[in-house]
Each structure stands twice: as structure tokens, then as C-alpha cells.
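Following: one structure in C-alpha cells, then a few remarks.
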Amino acid sequence: MALFSTRSPRRFNGVHIYTSERKDKLDKLVAEAKREEQIERGETPEYKPDIESYRGKFAKNLKKADPDRRRLHPGLAIAIIVVLILLWYYLMTGRLPF
């Protein structure tokens, strides 16, 4: 039951707000240069996928559940109550009021 359960704390989401695009470009250029240098020497370069190019592409379905979605819509709750009252009335009297 939701009445007796304790809520778990929110998970930490460490999103960097301030990033240096210049530093990121420089790091990519340095990594590309090192890889080309390894190729020229005849070595096989170590493959490291560029994680930044994939960021945000697969996160569409990973959204957190909206807490309001779990609640019953007020109009639906009222309709269910009315139907239950009509069912109770029918079971008690054997006929419907309309």
C-alpha cells in the first residue's frame, strides 16, 4: 500500500551546465592526431567511441514516470463512484432509478 511505504530519495543526476566547447573540440583534435600518428607508425589505434555524439539519441523512452499519471483522474473517480452507487441501489431494490 502506498500509505505505509517510504519514498526512496531521488537519484543524483550530474548534468554539467557549463561546458567548454573549445576544450571539447581541442580534445577531439588531439585524439584524432594521436590516432593518425599511430596509423602512420603501423600500429592499430585503440578504438574509443565518441560518447558525446550519441548523447540524447536513445533517451526518448527513458523519461521518469510522471507522478500525476499514477493518480486517478477526478472525473473518472466520480464516474466510478456513481456507477457503484447505482449498482448498490440495484442490488438493494432490484430496479434502476431511471
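The values are calculated or read from the model by the stated rules, or taken from the named source; none is laboratory data. Bear in mind that the values here come from a model prediction, so they are computed numbers and not experimental data. In this analysis, Cβ positions are derived from the backbone assuming ideal geometry, glycine residues included, and neighbour counts consider all displayed protein chains.
Do we find that D68 is in a helix (DSSP H, G or I) and modelled with pLDDT under 80 in this structure?
Criteria met by D68.
What are the residue pairs meeting all of these: first residue in the range 12-29, first residue in contact (Cβ under 8 Å) with a residue 60 or more places away in the chain, second residue among the acidic types (D, E), Cβ atoms under 9 Å, and 6 or more apart or on different chains?
Pairs found: none.
Quickly run through the range 41-58 and pick out the residues that are in a loop (DSSP other than H, G, I, E, B) and modelled with pLDDT under 75.
Scanning the range 41-58 gives P45, E46, Y47, K48, P49, D50, R55, G56, K57, F58.
Residue by residue, here is whether (1) at pLDDT below 85; (2) among the aliphatic types (A, V, I, L, M); (3) touching a Ser or Thr at 6+ places or on another chain (Cβ under 7 Å); (4) assigned to a loop (DSSP other than H, G, I, E, B) holds:
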position	(1), (2), (3), (4)
S5	yes, no, no, yes
R10	yes, no, no, yes
Y18	yes, no, no, yes
R22	no, no, no, no
K28	no, no, no, no
A31	no, yes, no, no
R35	no, no, no, no
I39	no, yes, no, no
